Amino acid sequence: MNGEGNESLSKATKSILAKYGIRLNKNLGQNYLIDKNKRNQIIDFGDLSKEDIVLEIGAGIGTLTIELAKRAKKVIAIEQDSNICEILNQRLNEEKIDNVELINEDALKIEFPEFNKIVSNLPYQISSPITFKFLDYDFDLAVLMYQKEFGERMNGEVGSKNYSRLSAMLYFKCDVETLTDVSCESFIPKPKVDSVVMSLTPKESKLNPDDFKIYSKFCKALFQHRNKKIRNALIDSRHVVSNLDKKEIKKRLNDISDEKLNDYLTKRVIALNPEEILFVSKELNPLFND
């Protein structure tokens with residue numbers, strides 16, 4: 001460990017797991033933070049007050065939950081594993097903490113109660129779908145831990161290996177900032193890769209909900225074939241953007257007379273920035289769905 005503070009959280013975590021006979025499953029994303037300094041840093045990044053209602057996904061045995069509850073008005077803690085959930089419930093009772101709403105459900109399958117901030121050490125296997133789900137909600141700030149490679153894709157620059165559907169989707173919704181790296185040594189069981197803590201701060205969107213829905217649909221189709229030309233990517237993923245068959249999609253693409261749009265269709269997906277993808281999406285959506 002890297003100091004006394006880390007050792008104490010490590011010992012406490014191992015003691016709780018031993019007490020209840022819990023063996024963590026890395027395949028379920030059960031990697032528990034045992035670095036007290038990093039835990040406190042993550043909570044500090046949340047800039048919490050007694051006015052905040054915090055959403056936590058993958059609460060585990062309460063490493064973040066209990067400390068969040070001391071600073072916030074309320075914590076909505078979601079934990080899918082029923083055994084782990086019961087342990088957390090007992091810990092909350094022992095600590096006499098009564099401002100945590102503990103939900104034993106799959107976070108991807110439920111509607112979230114009202115909240116204004118998110119602070120979570122996310123289960124890594126749901127990083128992508130849970131992040132897209134967050135974009136459907138209004139919030140003030142999210143402080144989230146991801147695998148480092150995933151965090152790099154959140155800020156992927158156009159044309160780079162990290163440019164992805166994720167970075168294109170976040171572009172219109174949030175300012176994304178890398179806050180701190182977290183070593184794999186800071187967890188049990190130790191994952192194979194390092195992690196990173198990111199912040200998402202929603203920005204005033206230029207898009208109305210209908211336009212963002214169209215943009216989202218086209219991003220999903222295009223980035224399934226990120227190295228192909230726009231025209232070919234849309235043909236290959238036509239089922240995402242249209243009910244038309246391949247022959248009709250090809251015909252409609254061939255009949256386009258707009259020079260600017262035709263120019264974009266010949267470029268590779270990763271060469272178009274989000275504003276250009278939005279233009280293509282809004283131009284083609286009525287063409288593919290009339």
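Any read-out appearing in this document is the output of simple, stated calculations on the displayed coordinates, not a laboratory observation. None of the values given here were measured: they were computed from a predicted structure. Don't worry about glycine lacking a Cβ; one is built from the backbone with ideal geometry, like all the others, and counts go over all protein chains shown.
Can you tell which of 138, 181, 210 shows the greatest fluctuation in a Gaussian network model of the chain with Cα springs below 10 Å?
210
How far is it, in nm, from the label point at residue 133 to the one at residue 205 when both lie 7 Å from their Cα along the line to the Cβ?
1.8
Under a plain spin-label model, where a point goes 7 Å from the Cα along Cα-to-Cβ, how far apart in nm are residue 263 and residue 161?
3.1
Exposed loop trypsin sites (Lys or Arg not before Pro) only (DSSP loop, at most 16 other Cβ atoms within 10 Å): please give the longest stretch of the chain free of them, not including the sites.
Result for the longest clean stretch: 110-160.
Taking 0.36 nm per residue of separation and subtracting the Cα-Cα distance, what length does fully extending residue 220 through residue 283 add?
That works out to 21.0 nm of additional length.
Using R₀ = 30 Å, calculate the FRET efficiency as 1/(1 + (r/R₀)^6) where r is the Cβ-Cβ separation of residue 23 and residue 125; round to 0.05.
The computed FRET efficiency comes out at 0.95.
Among the GluC sites (Glu not before Pro) within the range 171-266, which fall in a DSSP loop and have no more than 13 other Cβ atoms within 10 Å of their own Cβ?
Hits after loop and neighbour filter: 204.
What nm distance separates the two modelled labels at residue 47 and residue 247, each placed 7 Å from Cα along Cα→Cβ?
5.9
With just the Cα atoms defining each centre, how far is the range 98-137 from the range 170-215? Give it in Å.
14
Note the per residue figure in Å³ for the convex hull of the C-alpha positions in the chain.
134
I'd like the antiparallel share, as a percent to the nearest 5, of DSSP beta bridges with both residues in the chain.
Antiparallel bridges make up about 50 percent of those DSSP assigns within the chain.
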